[in-house]
1. Give me the Å³ per residue figure for the convex hull around the C-alpha atoms of the range 86-148.
2. Which of the peptides 120-132, 95-107, 47-59 is most tightly packed, and how do the rest follow, going by the mean number of other Cβ atoms within 10 Å of each residue?
3. Could you calculate the FRET efficiency of Ile36 with Ser121 from 1/(1 + (r/R0)^6), where r is the beta carbon distance between them and R0 is 41 Å, rounded to 0.05?
4. With r defined as the distance between the Cβ atoms of Val146 and Leu24 and R0 fixed at 22 Å, what FRET efficiency is calculated, to the nearest 0.05?
5. Below 8 Å between Cα atoms, with a sequence gap of 6+, how large is the relative contact order for the range 108-169 in percent?
6. Could you do me a favour and compute the accessible area per residue for the range 99-169, 1.4 Å probe, result in Å²?
7. Taking a 1.4 Å probe, which of Tyr46, Tyr112 shows the most accessible area, and what order do the others take after it?
Amino acid sequence: MNRHGVTAASSDRSGGQALVEFALVFPVLVFVLLGIFDVGRAVYAYNTIANAAREGARIAAVNQLNPAPSDTTCIENMPVENLTSPNWSIKACAASSAVSLGVLPSAVSVSYSPPPNTGLSCSPTLYVGCIASVTVSYTWSPVTPVISNLLGHIAMTSTSQIPIERVFP
């Protein structure tokens with residue numbers, strides 16, 4: 001017995017008890033921490049595609065060409081000087097805003113509709129006031145194996161709508 005009234009055998013048992021408790025709690029703690037990491041990644045992915053949809057809608061609102069270009073580049077800070085080569089496309093600009101996720105222009109869709117309660121027609125010719133809708137799609141998958149087995153892949157989409165402010169001939 002030592003001066004605190006604890007025997008050496010008793011001290012060894014409490015150390016073993018702590019080790020067993022740690023072994024039981026540690027996997028749960030790691031699972032929770034990895035889950036928080038995956039939730040953070042999912043929030044980041046959704047915010048990124050929402051921003052990409054807003055960026056594409058902004059391009060559609062202020063730089064709309066009739067018909068829309070099929071260019072695959074995005075040089076936003078360059079004004080449209082030549083209508084046959086505008087240096088941008090709505091899909092390419094939206095995809096470039098989500099480049100950290102690997103979103104391709106094929107994952108972006110653009111549609112136009114007339115404003116509600118108006119007689120404005122937006123097909124086949126676009127006019128100022130038509131509503132441009134840009135939708136960005138992305139498939140998110142968790143990196144944690146256990147969570148990946150439970151949830152699988154999650155399809156995310158974000159749509160942004162904005163009225164067209166300017167249309168080039």
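1. Working: hull volume 7.5 nm³, N = 63.
Normalising the Cα hull of the range 86-148 by residue number yields 118 Å³.
2. 47-59, 95-107, 120-132
3. Numbers: r = 50 Å, r/R0 = 1.22.
The value I calculate is 0.25.
4. Numbers: r = 17 Å, r/R0 = 0.77.
Efficiency, rounded to the nearest 0.05: 0.80.
5. On the way: 98 pairs, mean separation 21.5, N = 62.
Relative contact order for the range 108-169 comes out at 35 percent.
6. On the way: 4220 Å² over 71 residues.
With all protein chains present, the range 99-169 gives 59 Å² per residue.
7. Details: Tyr46 105, Tyr112 70 Å².
Sorted by accessible area, descending: Tyr46, Tyr112.
The values are calculated or read from the model by the stated rules, or taken from the named source; none is laboratory data. Everything numeric here is computed off the predicted structure, so don't read it as measured data. Neighbour counts are summed over all protein chains in view; Cβ atoms, including those assigned to glycine, are modelled from backbone coordinates with ideal geometry. Calculation scope for accessible area: heavy atoms of the full protein, side chains included, ligands and nucleic acids excluded. Shrake-Rupley method; radii C 1.70, N 1.55, O 1.52, S 1.80 Å.
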